[in-house]
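Participant: Here it is, the structure in full.
The values are calculated or read from the model by the stated rules, or taken from the named source; none is laboratory data. Only a predicted model underlies this, so the values are computations on that prediction, with no experimental measurement involved. Cβ atoms come from the backbone with ideal geometry, glycine included; neighbour counts cover every protein chain shown. Calculation scope for accessible area: heavy atoms of the full protein, side chains included, ligands and nucleic acids excluded. Shrake-Rupley method; radii C 1.70, N 1.55, O 1.52, S 1.80 Å.
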Amino acid sequence: MLVETAERFRQIPFGREAARLIDACVQCGQCTVRCPTFRLTNDEWDGPRGRIYLTKQFLEDRAPTLHLLPPAYELRRLTSPDFRQDVRFYLDRCLGCRSCEASCPQGVRYGRLLDFARVLLEREMPRPLKERVLRQLVRSIVPYPARFTLALRTAQLLRPLLPASAQRLIPPLVRSKRHTWPQPSHRRTMVVWQGCVQPALAPGINFAAARVLDRLGISLVPAKSGCCGAISLHMGMWDEAQQFMRKAIDSLWHHVNAGAQAIVVTSSGCGMHLREYGELLADDPAYREKAQRVSSLVRDVAEVITAEWAPGQPPEVIQREETRITFQAPCSLQHGEKLAGVVEALLRRTGYKVLPVAYGFTCCGAAGSYKLFQPKIAEQLRQQKLKTLVTGRAELIATANIGCLTHLAAASPLPVYHWLELLDARLK
């Protein structure tokens, strides 16, 4: 789909790149049925094909010409006086799940296009004050572990006094057991990315990773906690996102120089973003090579365990009664990191009965900070997802991303765990 980019966007690298990405799209619509928001609304603007067309018109600085679109399009009338408001409205409603990329015959990199379009829109059109304040509040707390922990603990203490709508966003305060981190005793070392919210919400996950890898002869060293920059990028704050990415590289670099064989990630949302550092910072002369090196070392913990745990080799599996579970494959894991089926195989290997999940490609609605800004859609998607997960007499739900875990656990009738904790419990 040829884009006649407006002059002001031709001068911006993001504008030129976005036009190139759109050019690969033939508007065939094979992506549409995979889109969670389209499946809810049956509106083309709420699907990738419609959003790509809106982005094209934005880059051309032309209002959409609906009569020129194929009759197969099912569209709602755009009513905003400035069509860019409609573009923003529908791009805001996109989860960034990348399910559309998995079904695109042309290989359109929709996720990258979405990020670029959001950055350009933020620069073009200031948001209303209320939206700016809320987004700034999120970006001022969530990416900073100390601030987030303080805010979370305060909210948890006040939770009984808050309205029900607010209580649903705050996980209850649970006194977790004391965890032990294995002493470094192996010649082989890897560094684990801590992230910004996981240490406060579920500290046991990385401890479980350290124990499992210790059994495999690998010492896991924790990196300094911090944000990978995904939150800022997905809100269109490019300069801020770059600052977080550079800071993350700096925190990892001495581990890389010390010989860490991999950067292990236990939250697939962070893993997807860290893998793209090399591309995102390709124009940064000071960090280009470091970013590429970091991206090349990133491994999801499931990849590491699969590669290191050879059949017939330790650790041994504790024989227990079969537990029936369903696995919610986060979008970042299956579509972003392209690791569909890897976790399920490890869980089966340790004796869990992993039940099939209908429409496993669909999003649970968490999508990072999405649930804060689009609560209605996030709730609808969560209910749909739980219907498919609470099935076949399942006893519990497993997942691989902290955002999905907390989002599902807030409404699930079954316990929700990170799969690593389940694996750790079954190994000697």
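Participant: Out of GLN106, GLN85, GLN30, which single residue is open to solvent by 30 Å² or more (accessible area, probe 1.4 Å), touching a Pro at 6+ places or on another chain (Cβ under 9 Å) and at pLDDT 90 or above?
Facilitator: GLN30
Participant: Which residue pairs have Cβ atoms closer than 8 Å, lie 6 or more positions apart in sequence or on different chains, and pair a first residue in the stretch 131-142 that is farther than 14 Å from GLY229 by Cα with a second residue that is surrounded by 14 or more Cβ atoms within 10 Å (Cβ to Cβ)?
Facilitator: Listed by first residue and then by second, the contacts come to LEU134/LEU372; LEU134/PHE373; ARG135/ARG127; ARG135/MET235; ARG135/PHE373.
Participant: Same structure, new question: Inspect all residues belonging to the stretch 202-225 and state whether any of them is in contact with a Ser or Thr (Cβ under 7 Å, 6 or more places away or on another chain), of a type in the set (Gly, Ala, Ser), at pLDDT 90 or above and more than 25 Å from GLU276 (Cβ to Cβ).
Facilitator: Yes, because at least one residue in the stretch 202-225 is in contact with a Ser or Thr (Cβ under 7 Å, 6 or more places away or on another chain), of a type in the set (Gly, Ala, Ser), at pLDDT 90 or above and more than 25 Å from GLU276 (Cβ to Cβ).
Participant: Taking the stretch 28-70 on its own, how many of its residues are among the acidic types (Asp, Glu) and assigned to a helix (DSSP H, G or I)?
Facilitator: 3
Participant: So how many residues does the stretch 170-190 have that are hydroxyl-bearing (Ser, Thr, Tyr) and open to solvent by less than 50 Å² (accessible area, probe 1.4 Å)?
Facilitator: 1
Participant: Now, a different point. Any residue in the stretch 148-169 that's outside any helix (DSSP H, G or I): show its pairings with residues that are of a type in the set (D, E, K, R) at Cβ separation under 9 Å, as long as the two are six or more apart or on different chains.
Facilitator: Close Cβ pairs satisfying both conditions: ARG168/GLU379; LEU169/LYS371.
Participant: Just for helices (runs of 4 or more DSSP H) wholly inside the stretch 191-283: which have at least 3 residues that are touching a residue at least 60 places away in the same chain (Cβ under 8 Å), farther than 18 Å from ASN401 by Cβ and open to solvent by 10 Å² or more (accessible area, probe 1.4 Å)?
Facilitator: Qualifying helices (runs of 4 or more DSSP H): 238-257.
Participant: Exactly one of these conditions fails for ALA302: (1) aliphatic (A, V, I, L, M); (2) buried (at least 20 other Cβ atoms within 10 Å of the Cβ); (3) free of Cβ contacts under 8 Å to residues at least 60 places away in the same chain. Give me its number.
Facilitator: Checking ALA302 against (1) aliphatic (A, V, I, L, M); (2) buried (at least 20 other Cβ atoms within 10 Å of the Cβ); (3) free of Cβ contacts under 8 Å to residues at least 60 places away in the same chain, the one that fails is (3).
Participant: Follow-up. For residues that are farther than 12 Å from ARG88 by Cβ and open to solvent by 80 Å² or more (accessible area, probe 1.4 Å), scanning just the stretch 124-145, find the one that is farthest from the chain's Cα centre (by Cα).
Facilitator: LEU129
Participant: Now for a separate question. Could you grab the pairs with beta carbons closer than 6 Å, sequence gap of 6+ or different chains, first residue in the stretch 13-38 and basic (Lys, Arg), second one assigned to a helix (DSSP H, G or I)?
Facilitator: Final answer for the pair search is ARG34/SER99; ARG34/CYS100; ARG34/SER103.
Participant: Hey, among the residues in the stretch 109-123 that are part of a helix (DSSP H, G or I) and of a type in the set (D, E, K, R), which one's most open to solvent (accessible area, probe 1.4 Å)?
Facilitator: ARG123
Participant: Could I ask something else about it? Residues in the stretch 2-27 that are assigned to a loop (DSSP other than H, G, I, E, B) and surrounded by 14 or more Cβ atoms within 10 Å (Cβ to Cβ): how many?
Facilitator: Final tally of qualifying residues: 7.
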